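Novice: Quick one: the structure is below, and I'll ask about it shortly.
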Amino acid sequence: MSETNGSATPRRPRTLITGGAGFLGSHLCERFLAEGHEVICMDNFITGSPENVAHLIGREGFRLIEHDVTNYIYVEGPLDYVLHFASPASPIDYLKLPIQTLKVGALGTHKALGLAKAKGARFLLASTSEVYGDPLEHPQRETYWGNVNPVGLRGVYDEAKRFAEAMTMAYHRYHGVETRIVRIFNTYGPRMRLDDGRALPTFMSQALRGEDLTVFGDGSQTRSFCYVDDLVEGIYRLLMSEEVEPVNIGNPEELTIKAFAEEVVSLVGSGSRIVYKPLPADDPKVRQPDITKAREKLGWTPTVSRQEGLRRTLAYFKDRMAVAE
């Protein structure tokens, strides 16, 4: 989608990544720079951090803009791709920021799609497995419509993403915008916040401090954890594909939260015990992606084992906690 600039040299593709200073966004910024793109990283730092992209500042082709994408988005010059990743993404964040979460899913998606339309850019929406809610289908396929409580505490995130998907498809059908939708399942890796409240950062932080690991419910609920490098590869392939309908990107290797906690304790070599607390409302009892579509349409499958991914993530957490002390 790049153009010539009057000479024989083609223009580098320009890519805008909203939420680019977040956990996933920062890894995407790195990937697109590596692919030869000029990258504009946009973030209001409500849950993201300038630290996540500090190593990219000053690098040729990288630009960081502080901006709230629920307001009008202006980017000078051409754009080839818009990746909309701006949103609180962990329960601790979206329960604390319910209005902001709804606004970035609705108004932010609208503004980002409007920009893509104006620039003739291809748009990719970061959606989530949470659109399936507490699923009655297992594993979850893209054709499943979900089981979401719209007025529950988690509804602010679930419904924001469901609305964002509907808005994305409306822009595709009505305005002819080239759109892609990725449904992201539980992802982990370096640059997760220690205090983001999700299972892996919580377990690792607690184990490294020698504290008890907090498991909600009886620990029998399941999750499927995908290493961030695998996720980024899937997202890149989806963006460059011709697939318009949503695609699950996640690791189908399912395990219980109790087993996951035990795995972390063993990896860290901690003497931590596991303690149990009441399960939060509407917490999904199972979560496992059916990735048949990603395999067939994108030729994608995860390649980083959980053991290797956890080892890399633990090294990052040890460094972060050493700095914090």
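The values are calculated or read from the model by the stated rules, or taken from the named source; none is laboratory data. Bear in mind the structure is a predicted one, so any value in this text is a computation, not a measurement. Quick reminder, even Gly has a Cβ in these numbers, built from the backbone with ideal geometry, and neighbours come from all protein chains shown.
Novice: If you take the residues in the stretch 52-67 that are part of a helix (DSSP H, G or I) and in contact (Cβ under 8 Å) with a residue 12 or more places away in the chain, which one is farthest from Thr101 (Cα to Cα)?
Specialist: The residue in question is Leu56.
Novice: For Ala86, are the conditions met, namely being within 18 Å of the chain's Cα centre (by Cα), touching a residue at least 60 places away in the same chain (Cβ under 8 Å), surrounded by 20 or more Cβ atoms within 10 Å (Cβ to Cβ) and assigned to a loop (DSSP other than H, G, I, E, B)?
Specialist: Yes: the conditions hold for Ala86.
Novice: A further question follows. Go through the residues of the stretch 288-298 one by one and say whether even a single one is over 30 Å from Met240 (Cβ atoms) and either at pLDDT below 95 or assigned to a strand (DSSP E or B) (or both). Quick ask: steps written out before the conclusion?
Specialist: Just the residues of the stretch 288-298 that are over 30 Å from Met240 (Cβ atoms), to begin with: none.
The answer is no; no qualifying residue exists.
Novice: Further question: If Ile274 satisfies every condition in (1) closer than 28 Å to Gly25 by Cα; (2) touching a Ser or Thr at 6+ places or on another chain (Cβ under 9 Å) but one, which is the exception?
Specialist: (1)
Novice: Continuing with this model, one more query. Examine the stretch 236-245 for a residue that is surrounded by fewer than 19 Cβ atoms within 10 Å (Cβ to Cβ), among the polar types (S, T, N, Q) and in a loop (DSSP other than H, G, I, E, B), and state whether such a residue exists.
Specialist: Within the stretch 236-245, one or more residues are surrounded by fewer than 19 Cβ atoms within 10 Å (Cβ to Cβ), among the polar types (S, T, N, Q) and in a loop (DSSP other than H, G, I, E, B).
Novice: So, one more: Would you point out the residue of the stretch 68-83, among those that are touching a residue at least 60 places away in the same chain (Cβ under 8 Å) and either in a loop (DSSP other than H, G, I, E, B) or small (Gly, Ala, Ser) (or both), that is surrounded by the most Cβ atoms within 10 Å (Cβ to Cβ)? Talk me through it step by step, then tell me what you get.
Specialist: The first filter runs over the stretch 68-83 and keeps only residues touching a residue at least 60 places away in the same chain (Cβ under 8 Å), leaving 77-83.
Then keep just the ones that are either in a loop (DSSP other than H, G, I, E, B) or small (Gly, Ala, Ser) (or both); that gives 77-80.
Numbers: Gly77: 9, Pro78: 16, Leu79: 22, Asp80: 20.
Going through the qualifying residues, I end up with Leu79.
Novice: Filter the stretch 89-121 down to residues that are crowded, with 24+ Cβ neighbours inside 10 Å and out of contact with any Phe, Trp or Tyr (no Cβ under 8 Å at 6 or more places or on another chain) and give me whichever is farthest from Gly197 (Cα to Cα).
Specialist: So the residue we want is Gly108.
Novice: What do you reckon, is Tyr171 surrounded by 20 or more Cβ atoms within 10 Å (Cβ to Cβ), closer than 23 Å to Asp93 by Cα, hydroxyl-bearing (Ser, Thr, Tyr) and modelled with pLDDT of 95 or more?
Specialist: Considered against the rule, which asks whether it is surrounded by 20 or more Cβ atoms within 10 Å (Cβ to Cβ), closer than 23 Å to Asp93 by Cα, hydroxyl-bearing (Ser, Thr, Tyr) and modelled with pLDDT of 95 or more, Tyr171 comes out as no.
Novice: Here is a follow-up. Do any residues in the stretch 96-115 that are at pLDDT 95 or above have Cβ atoms under 7 Å from those of residues that are in a helix (DSSP H, G or I) and not hydrophobic (A, V, I, L, M, F, W, C), where the two are at least six apart or on different chains, and which pairs are they?
Specialist: Cβ pairs passing all conditions: Thr101/Tyr94; Thr101/Tyr157; Gly105/Lys161; Thr109/Thr168; Leu113/Thr168; Leu113/Tyr171.
Novice: For the stretch 249-264, what are the residues that are of a type outside the set (Asp, Glu) and either surrounded by fewer than 16 Cβ atoms within 10 Å (Cβ to Cβ) or at pLDDT below 95 (or both)?
Specialist: Those that are of a type outside the set (Asp, Glu) and either surrounded by fewer than 16 Cβ atoms within 10 Å (Cβ to Cβ) or at pLDDT below 95 (or both): Leu255, Ala259.
Novice: Same structure, new question: Tell me which residues, restricted to the stretch 284-319, are among the small types (Gly, Ala, Ser), within 25 Å of Ser266 (Cβ to Cβ) and exposed (fewer than 13 other Cβ atoms within 10 Å of the Cβ). If you could, list the steps in order and put the result at the bottom.
Specialist: First, the residues of the stretch 284-319 that are among the small types (Gly, Ala, Ser): 294, 299, 305, 309, 315.
This time we only want the ones that are within 25 Å of Ser266 (Cβ to Cβ), so: 305, 309, 315.
If the condition is that a residue be among the small types (Gly, Ala, Ser), within 25 Å of Ser266 (Cβ to Cβ) and exposed (fewer than 13 other Cβ atoms within 10 Å of the Cβ), then Ser305, Ala315 are the ones that fit.
Novice: Could you list, in sequence order, the residues of the stretch 222-235 that are in a strand (DSSP E or B) and either surrounded by fewer than 20 Cβ atoms within 10 Å (Cβ to Cβ) or charged (D, E, K, R) (or both)? Outline the logic, then answer.
Specialist: First, pick out the residues of the stretch 222-235 that are in a strand (DSSP E or B): 222-224, 226-227.
Residues satisfying the conditions are Thr222, Arg223.
Novice: I've got another one for you. I need a count of the residues in the stretch 121-139 that are in contact (Cβ under 8 Å) with a residue 12 or more places away in the chain and either more than 30 Å from Leu16 (Cα to Cα) or more than 20 Å from the chain's Cα centre (by Cα) (or both).
Specialist: 5
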